[in-house]
Every structure is written in structure tokens, then in C-alpha cells.
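Have a look at the structure below, then the notes.
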Amino acid sequence: GLTTDVARLKEVGDQGIDLLLSDSTNAERGGRTRSESAVASELEKIAVEAEGRLVVACFASHFHRLEGLARAAKKSGRKLLLAGTALDRALRIGHRLGRFGIDATPVGDESKLKFEPKTRFILAVTGTQGEPRAALARVANGESVPLEPGDKVVLSSTTIPSNERAVRKIVNAITRTGAQVIQDGMRPVHCSGHAHHEEQADLIRLLRPR
């Protein structure tokens, strides 16, 4: 996809910058952020390893993550299904803007998923912050695809501060079904879009504000 125009940033720095105002929610974290390609590679591994149902929760607006899931589905011989209005809308917007041409199918009636063979699909859902009526909550509460031992649910996200209790409630509900929950920290299934120390330092070195 699109990458940072480093040459242009250096050019602007050469022209002279008086003041740089820069901020990031990860400004206090050392090193660099994980690459999105590393996350996509890990999702592929999980999809190939999975012997049961595979559900992946992510932000609907994260086009790169959806593209990674589409590649994971293709590599594992599954089809990518989208549950939730937000993902359906994101798919249509992405196609309209020409951002991606992923092969994914919105799920209308989620209850029909119980008749789909376990290893035939990856189900992408929204609700990573524990929203009670989102698709992930419906999965956790048994209202859509039925979870059982051997199934995997990946939270490809970070919990936003103040949402911890809501997310933990969803994780507990999934765990009670016997399905395995995979979160960042257990495996590299998420990366932030917010710069760490070294990326902030790169920006300062390129622009050299007075």
C-alpha cells in the first residue's frame, strides 16, 4: 500500500521548519511499531493451523487488516465472511474508492453459519471493544456462529483504556464455550498505527525544526 514519502519530508526539512507539533498515543513506548505485514503473516499461520472455526475481530475501517485476512483465507483454503453492518459498509467503501478488491462475502443471516463446515470460512467481526450488540458479542453469546472446543477467536486489536471490563466479559464468554481466545501479547496479531519513540525521532531528524 501507500508508504511514507520520506524524501518529501527531508525536502521540507531542508527548506526550514520553525516548529514541529507532533503527538502519538505511543510516544512513551520505546523502539518501533510492529509491521502490518508481520500481522498479516501471523494471521495466515493461524488460519492454516486452525482445525475448527476461525473468528477474527478487528476494526471495520482497517483496510490493510481486511486485506491480510483475505490473503489468510486464500492460503488456508477458506472463504472470508464479514459479519456486521460496519464491515459490510467498509467493504463497499473500499471497493468504491478502488482501495482493494478483496474476495469477501457479507453475511446476512448469521444463524445460517451453524450449517457451514467449520474449516470452510474465516469470519471477520466487529466489536473489539466489547460493544454489547456488535458481531463479536453475538458470537460470544451463541447468537450467531456456535463456538465449541477446537475453535479459535482472534482479537486483532488493542483494548482502548476504559473498555477493559467490557472486553474481559466477552473474552470470558468465549472461553466458557471451550474455544481458544488469541490476543496480542500471546501472538503478534495486532500492530498499532501510532508511532513509538524511534518513529517520532525519525520525524524530528527529517524535519529538523528550529
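The values are calculated or read from the model by the stated rules, or taken from the named source; none is laboratory data. Quick caveat, the model's predicted, so the values are computed rather than measured. Cβ atoms come from the backbone with ideal geometry, glycine included; neighbour counts cover every protein chain shown. Side chains are part of the model used for accessible areas, which takes the heavy atoms of the whole protein and leaves out ligands, DNA and RNA. Shrake-Rupley method; radii C 1.70, N 1.55, O 1.52, S 1.80 Å.
Apply the Karplus curve 6.51 cos²θ - 1.76 cosθ + 1.60, θ = phi - 60°, to the phi angles in the stretch 184-193 and return the couplings in whole Hz, x for Gly and Pro.
4, x, 8, 9, x, 9, 8, 9, 7, x
Give the label of the value calculated from the structure for semi-axes √(5λ) of the Cα gyration tensor in Å, choosing from (1) 40, 23, 12; (2) 51, 15, 14; (3) 36, 19, 15.
(3)
Anything over 30 Å Cα to Cα? Flag those among Lys45/Lys114; Lys10/Lys45; Lys75/Lys112; Lys112/Lys152, in the order listed.
Lys10/Lys45
Scan around Lys79 for amide H atoms under 5 Å from its own, H built in the peptide plane at 1.01 Å from N, and keep only partners 5 or more places away or cross-chain.
When sequence neighbours closer than 5 places are left aside, the close amide H contacts are Phe121, Ile122.
Solvent-accessible area per residue for the stretch 52-210 at a 1.4 Å probe radius, Å²?
Accessible area per residue: 50 Å².
Report the Cα centroid-to-centroid distance between the stretch 40-99 and the stretch 1-24 in angstrom, as an integer.
32 Å
Once you have the Cα-Cα distance between Lys118 and Ile17, take 0.36 nm times their residue separation minus that, and quote the gain in nm to one decimal.
Extra length available between Lys118 and Ile17 comes to 30.7 nm.
Can you list the residues, at least 5 places off or on another chain, whose amide H is less than 5 Å from the amide H of Val56, using H built in the peptide plane?
Result for Val56 returns Leu123, Ala124, Val125, Val154.
How high is the relative contact order of the stretch 52-210, in percent, with contacts defined as C-alpha pairs under 8 Å that are six or more residues apart?
In percent, rounded to a whole number, it is 26.
Considering only protein heavy atoms and a 1.4 Å probe, what is the carbon-and-sulfur percentage of the accessible area of the chain?
51 percent
Relative contact order for the stretch 1-145: what is it in percent, counting Cα pairs under 8 Å that are at least 6 residues apart?
25 percent
Hey, got the dipole for the chain? About the Cα centre, +1 on K and R Cβ, -1 on D and E Cβ, debye to the nearest 20?
Roughly 480 debye for the chain.
Pick out, in residue order, every one of the GluC sites (Glu not before Pro) in the stretch 27-116 that is DSSP loop and has at most 14 other C-beta atoms within 10 Å; say none if there are none.
In loop regions of the stretch 27-116 (DSSP not H, G, I, E or B), the sparsely surrounded GluC sites (Glu not before Pro) are Glu28, Glu51.
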